[in-house]
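A.B. asks: The following block contains the structure, expressed as structure tokens.
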Amino acid sequence: MRMHLNPWMIVSAVMGLSACGGKGNADQSYCQSLCDWAVECASSGGDVDADGLMAECLSATSAASATCAEFDAGDMSRADELILGDCNTSIAESVSAGECDAFTGTLAAAERAQPPATCNGLDGAQDAFDAAQETVFPGSEEVCEDLADAFCGKLVTCIEDSAGHDDPDGLAYDACMTGLSGRVSECIDNDTYAADITNSQREGADRCIVDMAEASCDDLFSGSIPAVCSAAFVDASTAASYASDIGNIASTYASGG
């Protein structure tokens with residue numbers, strides 16, 4: 001016997017299915033995807049407490065977007081499930097492509113960064129993205145340390161390439177980092193490289209670290225700040241002291257000392 005369904009019954013059934021929450025084609029929450037991305041980028045740059053960062057990131061992003069709790073509870077609308085599925089795919093593609101400027105790049109790059117366009121229909125998409133950035137983005141202390149590391153790494157390269165003295169045991173690098181330890185502590189205490197878009201020194205330090213390969217070995221050997229790093233130091237006396245410390249190490253190890 002053939003049954004005849006009332007058209008309104010069909011419409012009602014479809015509407016009921018559309019309204020049902022669930023996890024649809026999205027395999028995890030927006031917060032989880034963002035934090036996977038952010039922590040992966042942070043971890044690729046060095047030794048970090050990935051588990052601690054992940055917990056902090058999930059807490060911050062969940063507070064910024066109700067979408068995450070809705071997914072975990074199975075209360076998302078079907079429309080949001082579809083958006084989330086596409087959003088997660090876009091984020092996974094960014095992770096695979098190693099796109100990390102939003103989380104570990106320069107301050108200017110981080111300020112310009114936005115979540116993938118496919119995520120924009122989710123409630124709190126930008127707020128959660130900002131929260132993930134703030135969790136893992138390098139603070140002033142890290143930049144102070146990274147700047148010294150960049151200078152000392154470059155100095156060793158200059159000693160090996162220009163002066164012809166290898167440093168297999170890392171003696172020159174260790175001496176350089178020790179020689180700069182007071183400058184690093186002062187930098188940290190003064191919060192010199194605070195992540196503020198109005199902080200020109202922070203942007204200068206970011207660029208210096210990224211462009212250190214272009215720094216002049218002659219400058220390092222003579223105790224001068226290379227041109228590519230000049231914006232990292234707005235105080236002339238600080239720059240001179242920093243460069244002098246490096247020059248002293250260079251003069252010792254460039255001669256094989």
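The values are calculated or read from the model by the stated rules, or taken from the named source; none is laboratory data. In this text, all values refer to a predicted model and were calculated from it rather than measured experimentally. Virtual Cβ from ideal backbone geometry, glycine too; neighbours counted across all protein chains shown.
A.B. asks: Can you confirm whether segment 71-78 contains a residue that is farther than 16 Å from Gln126 by Cα, among the basic types (Lys, Arg) and at pLDDT 70 or above? If you could, list the steps in order and put the result at the bottom.
C.D. replies: Residues of segment 71-78 farther than 16 Å from Gln126 by Cα: 71-78.
Next, from what is left, pick out any that are among the basic types (Lys, Arg): 78.
Remaining after also requiring at pLDDT 70 or above: 78.
The answer is yes, given that some residue of segment 71-78 is farther than 16 Å from Gln126 by Cα, among the basic types (Lys, Arg) and at pLDDT 70 or above.
A.B. asks: Within segment 234-250, identify whether any single residue is touching a residue at least 24 places away in the same chain (Cβ under 8 Å), out of contact with any His (no Cβ under 8 Å at 6 or more places or on another chain), more than 19 Å from Val143 (Cα to Cα) and among the hydroxyl-bearing types (Ser, Thr, Tyr), and answer yes or no.
C.D. replies: no
For every residue, the table says whether it meets (1) buried (at least 16 other Cβ atoms within 10 Å of the Cβ); (2) modelled with pLDDT under 90; (3) of a type in the set (Asp, Glu).
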| site | (1), (2), (3) |
| --- | --- |
| Gly179 | yes, no, no |
| Ile209 | yes, no, no |
| Glu214 | no, no, yes |
| Ala232 | yes, no, no |
| Ser255 | no, yes, no |
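A.B. asks: If the requirement is being touching a Ser or Thr at 6+ places or on another chain (Cβ under 7 Å) and in a helix (DSSP H, G or I), which of these qualifies: Ala148, Ala131, Ala172, Ala110?
C.D. replies: On the way: Ala148 fails: touching a Ser or Thr at 6+ places or on another chain (Cβ under 7 Å); Ala172 fails: touching a Ser or Thr at 6+ places or on another chain (Cβ under 7 Å); Ala110 fails: touching a Ser or Thr at 6+ places or on another chain (Cβ under 7 Å).
None of the others qualify; the one that does is Ala131.
A.B. asks: Among the residues of segment 86-107, count how many are small (Gly, Ala, Ser), assigned to a helix (DSSP H, G or I) and closer than 19 Å to Gln126 by Cβ. Give the derivation first.
C.D. replies: Keep residues of segment 86-107 that are small (Gly, Ala, Ser), which gives 90, 92, 94, 96-98, 102, 105.
Now restrict to residues that are assigned to a helix (DSSP H, G or I): 90, 92, 94, 96, 102.
Keeping just the survivors that are closer than 19 Å to Gln126 by Cβ gives 90, 94, 102.
Residues meeting the conditions: 3.
A.B. asks: Would you call Asp196 part of a loop (DSSP other than H, G, I, E, B), within 25 Å of Phe103 (Cα to Cα) and assigned by TED's automatic domain parsing to the domain that holds Ala150? Quick ask: steps written out before the conclusion?
C.D. replies: Details: part of a loop (DSSP other than H, G, I, E, B): yes; within 25 Å of Phe103 (Cα to Cα): yes; assigned by TED's automatic domain parsing to the domain that holds Ala150: yes.
Yes, satisfied.
A.B. asks: Please enumerate the residues belonging to segment 31-56 that are surrounded by 22 or more Cβ atoms within 10 Å (Cβ to Cβ) and of a type in the set (S, T, N, Q). Even if it seems obvious, please write down each step before you answer.
C.D. replies: Let us first name the residues in segment 31-56 that are surrounded by 22 or more Cβ atoms within 10 Å (Cβ to Cβ), namely 31, 33-35, 37-39, 41-42.
Result: Ser33, single match.
A.B. asks: Name the pairs whose Cβ atoms lie under 9 Å apart, with the first residue in segment 95-123 and more than 15 Å from Ser33 (Cβ to Cβ) and free of Cβ contacts under 8 Å to residues at least 24 places away in the same chain, the second in a loop (DSSP other than H, G, I, E, B) and aliphatic (A, V, I, L, M), and 6 or more positions between them or separate chains?
C.D. replies: Listed by first residue and then by second, the contacts come to Asp101/Ala113.
A.B. asks: Looking at Phe137 and the list (1) under 30 Å from Glu81 (Cα atoms); (2) modelled with pLDDT of 95 or more; (3) hydrophobic (A, V, I, L, M, F, W, C); (4) out of contact with any Pro (no Cβ under 9 Å at 6 or more places or on another chain), which single condition is not satisfied?
C.D. replies: (2)
A.B. asks: OK, next. In the list Ala50, Ala42, which residue meets the criterion of being in contact with an Asp or Glu (Cβ under 9 Å, 6 or more places away or on another chain) and more than 18 Å from Cys119 (Cα to Cα)?
C.D. replies: On inspection, the qualifying residue turns out to be Ala50.
A.B. asks: On to the next question. Going through segment 57-80 one residue at a time, which ones are crowded, with 19+ Cβ neighbours inside 10 Å, more than 14 Å from the chain's Cα centre (by Cα) and assigned to a helix (DSSP H, G or I)? Quick ask: steps written out before the conclusion?
C.D. replies: Keep residues of segment 57-80 that are crowded, with 19+ Cβ neighbours inside 10 Å, which gives 57-58, 60-62, 64-65, 67-68, 70-71, 76, 80.
Now narrow it down to the ones that are more than 14 Å from the chain's Cα centre (by Cα): 58, 60-62, 64-65, 67-68, 70-71, 76, 80.
Result: Leu58, Ala60, Thr61, Ser62, Ala64, Thr67, Cys68, Glu70, Phe71, Asp80.
A.B. asks: Of Cys144, Cys158, which residue is under 21 Å from the mean Cα position of the chain (by Cα) and either of a type outside the set (D, E, K, R) or closer than 30 Å to Gly85 by Cβ (or both)? Working first, answer last.
C.D. replies: On the way: Cys158 fails: under 21 Å from the mean Cα position of the chain (by Cα).
That would be Cys144, the only listed residue that is under 21 Å from the mean Cα position of the chain (by Cα) and either of a type outside the set (D, E, K, R) or closer than 30 Å to Gly85 by Cβ (or both).
A.B. asks: Can you work out which of the residues in segment 211-257 that are in contact with a Phe, Trp or Tyr (Cβ under 9 Å, 6 or more places away or on another chain) and among the β-branched types (Val, Ile, Thr) is farthest from Arg183 (Cα to Cα)?
C.D. replies: This residue is Ile225.
A.B. asks: Does Ala26 count as of a type in the set (A, V, I, L, M) and either touching a residue at least 40 places away in the same chain (Cβ under 8 Å) or surrounded by 18 or more Cβ atoms within 10 Å (Cβ to Cβ) (or both)?
C.D. replies: Details: of a type in the set (A, V, I, L, M): yes; either touching a residue at least 40 places away in the same chain (Cβ under 8 Å) or surrounded by 18 or more Cβ atoms within 10 Å (Cβ to Cβ) (or both): yes.
When the stated conditions are applied, Ala26 passes them.
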